[in-house]
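What follows is a short report on a single structure.
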Amino acid sequence: DRDGEVRKGDKLIQDGDLVIVYETYKQMKAVTVTKNGEFQNRYGLFMHNDWIGKPFGCKVTGKKGGFVHLLAPSPQLWTLVLTHRTQILYIMDISFVLAYLEVRPGCVVMESGTGSGSLTTALARATAPTGHVYSFDFHEQRAEAARKDFERTGLSSFVTVTVRDIQGEGFPEEFANEVDAVFLDLPQPWLAIPSVAKSLRADSPVCSFSPCMEQVQRTCEALTTKEFRDLRTFEVLLRTYEVHEECLGTDLGLDDSVNNDNDSESAVRSPRSSPPHKRLCSVESKVIDSEEDQTQVSSKDNLMEKGPKKGRSRGEQLPSSLYPIVARPEAEAKGHTGYLTFARRAV
Ligand code: SAM
């Protein structure tokens, strides 16, 4: 944690900046910093004036002593805080789309519909500063709201949002053979495929997102008719892992023999004798007697540096070998969002 300490090269928060106020990884909010502005949450009242001049990433304290972190906006964070006007694409699908569409700086990308601009934000960030994203949605208010969001995130010069019925009219003729990649998130994407074929440069990729297999099949038929090749459909499922250091000792890693100062290595139980799945992952739990030696809990690195040694006594630390890093899949895996169908225009 950096409580506002400024280092060389730090980008400092200024009046008018967009910051992501991070409370927990499930609780974040986009806030535009304004002189004399206030931010209120369950941890208390925070004054924007206290944020101005602090580096992005810092921890700031509110009037009641609660704290939040102020993060610099990124497409990944924006997806987590944006206003939902439609269903949106999330990071797992977005990262897959960007990789398989080979989106990079300088690319010209077309997309429909814009929706809430979740994918558009990532596309704009990936194509900038020399490329451009042309995003189309037939819903005027949504298109306007998305434009305002791109102003707010500083991406408006890299995205053009146009109101157009892509299923009815297709992409504009002026883009013929000019586009490096196309993304479709439409209810009937197969209707747009003929104009996608016209817009894409030879050998360039298209991706269509559809929630159900029947839509995928119709899209694949349309792609085949237009002589697209390398058709592939993926379903991306996210499995998150909880990663932590886990004590392989028992309780506080000691048995009774440690309480007399004539102890030996046997005072620390071997991993084999520890109860299965016993979790002692807080830093404090690694210290045999935290009251006697507070200084030893102050640095995690310090704890890790200490190796096993003879003559362990109260107030000393357990060897780092007893705290391997353990990863467990979380019980709840994110479910189906949709299928991503990729294809390449014929050469
Ligand atoms: N991919 C977007 C995101 O990540 O935020 C979400 C797209 S949302 C699910 C689908 C959008 O397609 C809606 O905003 C809708 O208005 C738009 N749409 C539906 N039919 C359309 C059409 N015929 N032409 C253009 N846009 C259309």
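What is the packing order of peptides 191-198, 86-93, 27-34, taking the mean over residues of other C-beta atoms within 10 Å and listing the highest first?
So the order, starting with the most tightly packed, is 191-198, 86-93, 27-34.
Too long at a 24 Å Cα-Cα cut-off: which of 8/64; 8/148; 8/29; 11/64; 8/63; 35/64?
Numbers: 8/64 31 Å; 8/148 33 Å; 8/29 27 Å; 11/64 27 Å; 8/63 29 Å; 35/64 21 Å.
The answer is 8/64; 8/148; 8/29; 11/64; 8/63.
At what distance in angstrom do the alpha carbon centres of region 36-51 and region 58-115 lie from each other?
Centre-to-centre (Cα) distance: 23 Å.
Per residue, how much accessible area does region 155-255 show when a 1.4 Å probe rolls over the protein heavy atoms, in square angstrom?
For region 155-255, the solvent-accessible area averages 49 Å² per residue.
For the peptides 225-236, 142-153, what is the packing order when you average, over each peptide's residues, the other Cβ atoms within 10 Å and list the highest mean first?
Ranking the peptides 225-236, 142-153 by packing returns 142-153, 225-236.
Ignoring ligands, DNA and RNA, what accessible area per residue does region 1-132 give at 1.4 Å, in Å²? Don't jump to the answer; show the numbers that get you there.
Numbers: 6560 Å² over 132 residues.
Result: 50 Å² per residue.
How would you classify region 18-73 from its alpha-carbon gyration tensor, with a ≥ b ≥ c the square roots of the eigenvalues: rounded for a/c under 1.5, else prolate if a/b is greater than b/c, otherwise oblate?
Cα axes put region 18-73 in the rounded bin.
So if R0 is 25 Å, what FRET efficiency would residue 174 and residue 151 give, r being the distance between their Cβ atoms, rounded to the nearest 0.05?
Efficiency at R0 = 25 Å is approximately 0.50.
Between residue 230 and residue 102, what length in nm is gained on full extension when 0.36 nm per residue of separation is reduced by their alpha carbon distance?
Full-extension gain reported as 44.6 nm.
What is the percent carbon and sulfur in the accessible area of region 18-73, measuring with a 1.4 Å probe over the protein chains and ignoring ligands?
Ligands and nucleic acids excluded, carbon and sulfur reach 52 percent.
If the chain between residue 92 and residue 237 were fully stretched, how many nm would it gain, using 0.36 nm times the residue separation less the Cα-Cα distance?
Contour length minus the Cα-Cα distance gives 51.4 nm.
Evaluate 2.2 N^0.38 Å with N set to the residue count of region 143-215, then give the Cα radius of gyration divided by it. Write out the running numbers ahead of the final one.
On the way: Rg = 13.6 Å, N = 73, 2.2 N^0.38 = 11.2 Å.
That works out to 1.21 for region 143-215.
Quick one: if you take sqrt(5λ) for each eigenvalue of the C-alpha gyration tensor of region 61-154, what semi-axes come out, biggest first, whole angstrom?
26, 17, 12
Nearest 0.05, what FRET efficiency do residue 41 and residue 346 give at R0 = 41 Å with Cβ-Cβ as r?
With a Förster radius of 41 Å, E is 0.15.
Quote the FRET efficiency, to the nearest 0.05, computed for residue 336 versus residue 34 with a Förster distance R0 of 45 Å and r equal to the Cβ-Cβ distance.
Details: r = 41 Å, r/R0 = 0.91.
Taking R0 as 45 Å, the efficiency between residue 336 and residue 34 is 0.65.
Label point 7 Å out from residue 15 along Cα-to-Cβ: which residues of region 49-65 have amide N under 15 Å?
Once the point is set 7 Å along Cα→Cβ of residue 15, 49-54 turn out to lie under 15 Å by backbone N, inside region 49-65.
The values are calculated or read from the model by the stated rules, or taken from the named source; none is laboratory data. Here the structure is a predicted model, which is why all the values come from computation and not from measurement. All Cβ positions, even for glycine, are placed from backbone atoms using ideal geometry, and neighbour counts span all protein chains on display. Side chains are part of the model used for accessible areas, which takes the heavy atoms of the whole protein and leaves out ligands, DNA and RNA. Shrake-Rupley method; radii C 1.70, N 1.55, O 1.52, S 1.80 Å.
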